């Protein structure tokens, strides 16, 4: 199975209650690609970077089965940059600086080798840009997963709804689900959003886990209680990469297998927050992933006799 990932590759400067990190590598495509590469090796990144992005990092991605032919390098320009400060609860943050740089003129082109991909992951970008990627595909992928955010719901709602109609799985957080649907109850919100087009909805609840909906079923996966959370940046993208990477590796897009994929995505996200940036994903070993998944299973498994 092959996977195309579209999204940002960027630099982040972060401040959390546990410390600071200056100009570390981030971006949705980076986190998604690294996470998915734990399950499969045929991944095509589509993104844009400036000449300040380190070539040795791209080389490392390639050793992990991540093709970077679709990453556009703009000479003489700088990569997308974001700076933020997290509050003590680690769920809220303040944006200190955003520099679009090369992202301002991003017109993604899917390389020929990715046009027939079986899976497509649309990282958070302008909805019209996400739609343009879907239209470039030579055939409709077996599964299209889309991530978005409240910003687009506020300034590009019509474009967002048009794009949502074309995807199979939409992944958003609880605040975004309420904003998009106009419903406070997440069960009611899911019904409204599923009526917009996707057949499956993921609602991420941060440290409180994730919900998976289709028209008939609901599945809940808890988040693993962690002793320390250093940096939640990229956790949602890491979740998405684990989710779609597992589905592609198993070649099974049934709702039952998506339940397993949510667990694997949650496990990958739990690693991401343990260090700043992509550091933990870079050093992660396969046996650690397997052991973490077992922890999730133990967390929710109980025998009851009647």
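In which sequence would 273, 200 go, from the one with the fewest C-beta neighbours within 10 Å to the one with the most?
On the way: 273 24, 200 21.
Least crowded to most crowded, the residues run 200, 273.
Where does region 71-185 land on the Kirkwood hydrodynamic radius, alpha-carbon pairs, in angstrom?
Taking every pair of different Cα atoms in region 71-185, averaging 1/r and inverting gives 16.1 Å.
Over the chain, what is the relative contact order in percent, taking alpha-carbon pairs closer than 8 angstrom and at least six residues apart?
The value is 18 percent.
With a 10 Å Cβ neighbour count serving as the proxy for reagent exposure, in which order, fewest first, do 118, 60 appear?
The order, fewest Cβ neighbours first, is 60, 118.
Using Cα pairs closer than 8 Å and at least 6 residues apart in sequence, work out the relative contact order for region 195-306, in percent.
Relative contact order of region 195-306: 24 percent.
Which value results when the Cα radius of gyration for region 193-238 is divided by 2.2 N^0.38 Å?
The value comes to 1.38.
Starting from the Cα of residue 157, step 7 Å along the direction of its Cβ; do the same at residue 298; then give the gap between the two resulting points in nm.
Reported label-point gap for residue 157 and residue 298 is 4.7 nm.
For a quick check: sort 175, 112 by the number of other beta carbons within 10 angstrom, fewest at the front.
Sorted ascending by nearby Cβ count, the order is 112, 175.
Measure off 7 Å from each Cα along the Cα-to-Cβ vector at residue 279 and residue 216, then give the distance between these two points in nanometres to one decimal.
Inter-label distance under the simple model: 4.7 nm.
Restricting to the chain, compute how many DSSP beta bridges are antiparallel as a %, nearest 5. Show your work: numbers first, answer last.
On the way: 20 of 53 bridges.
Antiparallel bridges: around 40 percent, rounded to the nearest 5.
Tell me the volume per residue, in Å³, of the convex hull enclosing the alpha carbons of region 112-252.
Hull volume over Cα atoms, normalised by residue count, gives 125 Å³.
Cut-off 10 angstrom, C-alpha nodes, Gaussian network model of the chain. Which of 13, 254, 83 fluctuates the most?
Judging by the Gaussian network model, the answer is 254.
At a threshold of 8 angstrom on Cα-Cα distance, excluding pairs fewer than six apart, so keeping six or more, what relative contact order does region 54-197 reach in percent? Don't jump to the answer; show the numbers that get you there.
Values: 170 pairs, mean separation 21.0, N = 144.
Relative contact order here is 15 percent.
If the convex hull of the alpha-carbon atoms of region 154-235 is projected onto planes in all directions, what is the mean projected area in square nanometres?
Average projection, Cα convex hull of region 154-235: 6.0 nm².
First measure r as the distance between the Cβ atoms of residue 56 and residue 128, then evaluate 1/(1 + (r/R0)^6) with R0 = 22 Å and state the FRET efficiency to the nearest 0.05.
After rounding to 0.05, the efficiency reads 0.05.
Can you list the equivalent-ellipsoid semi-axes of region 77-136, largest first and in whole Å, using the square root of 5 times each Cα gyration tensor eigenvalue?
Each semi-axis is √(5λ); the values are 30, 16, 9 Å.
I want to make sure I understand the PRE zone here: with the label point 7 angstrom from the Cα of residue 286 toward its beta carbon, which residues in region 42-62 have backbone N atoms less than 20 Å away?
Taking a point 7 Å out along Cα→Cβ of residue 286, the residues of region 42-62 whose backbone N falls under 20 Å are 42-44, 60-62.
From the convex hull of the Cα coordinates of region 125-179, what is the mean projected area in square nanometres? Write out the running numbers ahead of the final one.
Numbers: hull surface 14.3 nm².
If I average the Cα hull's projected area over directions, I get 3.6 nm².
Taking N as the number of residues in region 180-292, what value does Rg over Cα atoms divided by 2.2 N^0.38 Å take?
Taking the Cα Rg and dividing by 2.2 N^0.38 Å, one obtains 1.10.
If you average over every viewing direction, what projected area does the convex hull of the Cα atoms of region 1-145 give, in nm²?
9.1 nm²
What is the ratio of the Cα radius of gyration of region 261-306 to 2.2 N^0.38 Å, with N the residue count, to two decimals?
The reported ratio for this selection is 1.39.
Taken together, the values in this text are just the output of simple stated rules run on the coordinates, not laboratory data. These figures come from a predicted structure and were not determined experimentally. FYI the Cβ positions are ideal-geometry reconstructions off the backbone, even for glycines, and counts take in every protein chain you see.
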